[in-house]
Amino acid sequence: MSSDAKDRVAIVTGASSGIGLAFARAWVARGGRVALVARTRAALDALVRELGSERAKAFPLDVRDLGTLEQLPRMVVEELGRLDVIVNNAGLNHRGAIEKYEPRQLADIVTTNLTAPIVLTRAALPHIASGGSIVQVSSIAGMVPVPGEATYSASKAGLRAFARAVARDLEERNVHVGCVCPGPVDTGFLGDLSEVPDIVLSQPMISAEEVAAGILRCIDERIDELALPRQSGRLATMAYLLPDFAKRIQPALEKRGARNRQAILARRRSVS
Ligand SMILES: NC(=O)c1ccc[n+]([C@@H]2O[C@H](COP(=O)([O-])OP(=O)(O)OC[C@H]3O[C@@H](n4cnc5c(N)ncnc54)[C@H](OP(=O)(O)O)[C@@H]3O)[C@@H](O)[C@H]2O)c1
């Protein structure tokens, strides 16, 4: 399927900011239409005004509300006439030791990042057009476990495993499933940079627009898995396969991450 095909409809979760917002803009710029999903209704309404109500429609919901999420593909087809693409992008992270968090908060990470994409993928099947595409937004943290983000890493590794397995299951239906695994992305998701592990910041920071372009490529070229940047994905795979090697290079990567943090903070100070 070519993503510049006119009027194709994409559901984008987490469309109120960051990567989801950038993808929604890019999809509409190619002539598509979008069903925008997030909890913040005002941000979705503003995006509908920006993109035009003939191209974009808001579906404000919390993806943890699995009953409502299950109805979403049907509602989108009723309102927009068809469904071609889903970008499962809404995400949640809590950093630090797991005892800092209530069990409910940890479970929320798994529900948002893993259960919701599984439920939405399943719910789409009776509705998504043949040739359609479902992209799961995982993370480099799903390719190699990141200490300090254990639950997040687990949820993203689970999402990656789901994507790869269900991709084979859905081949017969001609539905493509891809997985995009970004390293650090310059969005509000990173929060307070002082809490982001050095090892995460050791990898080059990319923009939400670059990830959106990667998602489009994943759809256009029916790619199984795309790490962004590719070099970070290669390093993560080596670290996962060779844990002793990972331990050996960890101090050097952490040093680089600490330096990168200072550079990012200095850059932010100079533009503010
Ligand atoms: N930024 C990074 O460094 C990075 C790196 C690798 C992977 N990722 C992944 O990329 C995805 C997007 O992140 P981002 O960087 O674009 O972050 P972001 O700007 O914080 O966006 C997160 C989006 O998810 C939505 N969301 C969160 N919880 C939700 C819920 N329960 N129901 C509905 N929507 C919900 C948020 O909207 P509301 O708050 O309005 O609901 C927001 O639109 C996430 O899955 C993240 O794990 C990010």
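Just so you know, all these numbers are worked out from the coordinates, no wet-lab data involved. Being a predicted model, the structure only gives us computed values, none of them experimental. Quick reminder, even Gly has a Cβ in these numbers, built from the backbone with ideal geometry, and neighbours come from all protein chains shown.
Structure data summary
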quantity: The chain - mean residue ellipticity at 222 nm from DSSP helices (-39,500 (n - 2.57) per run, n ≥ 4, rounded to 500); calculated: -15500 deg cm²/dmol
quantity: Proximal lysines relative to Lys255, as straight alpha-carbon distance under 20 Å, when same-chain residues fewer than 8 apart are discounted; calculated: Lys247
quantity: Partners for Lys156 among aspartates and glutamates (Cα-Cα distance below 16 Å; same-chain residues under 8 apart left out); calculated: Asp108, Asp224, Glu225
quantity: Additional length obtainable on full extension of the chain from Ser17 to Glu221, 0.36 nm per residue less Cα span; calculated: 70.9 nm
quantity: Chain lengthening between Ser207 and Thr237 when straightened (0.36 nm per residue, less Cα-Cα); calculated: 8.6 nm
quantity: Cα long-axis angle, helix 41-51 against the chain (0 to 90 degrees, to the nearest 10); calculated: 70
quantity: Most mobile of Gly32, Gly96, Gly132 in a GNM of the chain (Cα contacts under 10 Å); calculated: Gly96
quantity: Calculated FRET efficiency for the pair Asp7/Arg256, C-beta based, R₀ 41 Å, to 0.05; calculated: 0.35
quantity: Amide N proximity, the range 161-187 versus Arg82 label position 7 Å along Cα-to-Cβ, cut-off under 19 Å; calculated: 173-177
quantity: Calculated FRET efficiency for the pair Lys247/Asp65, C-beta based, R₀ 41 Å, to 0.05; calculated: 0.50
quantity: Percent RCO, i.e. relative contact order, over the chain, from Cα pairs under 8 Å lying at least 6 residues apart; calculated: 18
quantity: Arg39-Ala263 pseudo-label distance in nm [points 7 Å out on the Cα-to-Cβ vector]; calculated: 3.5
quantity: Label-zone membership for the range 113-142, site Arg30, 7 angstrom Cα→C-beta point, backbone N under 18 Å; calculated: 128-138
quantity: Dipole magnitude of the chain about its Cα centre (Cβ charges: Lys, Arg +1; Asp, Glu -1), debye to nearest 20; calculated: 600
quantity: Normalised contact order of the range 45-112, rounded percent, pairs of Cα under 8 Å and 6 or more residues apart; calculated: 25
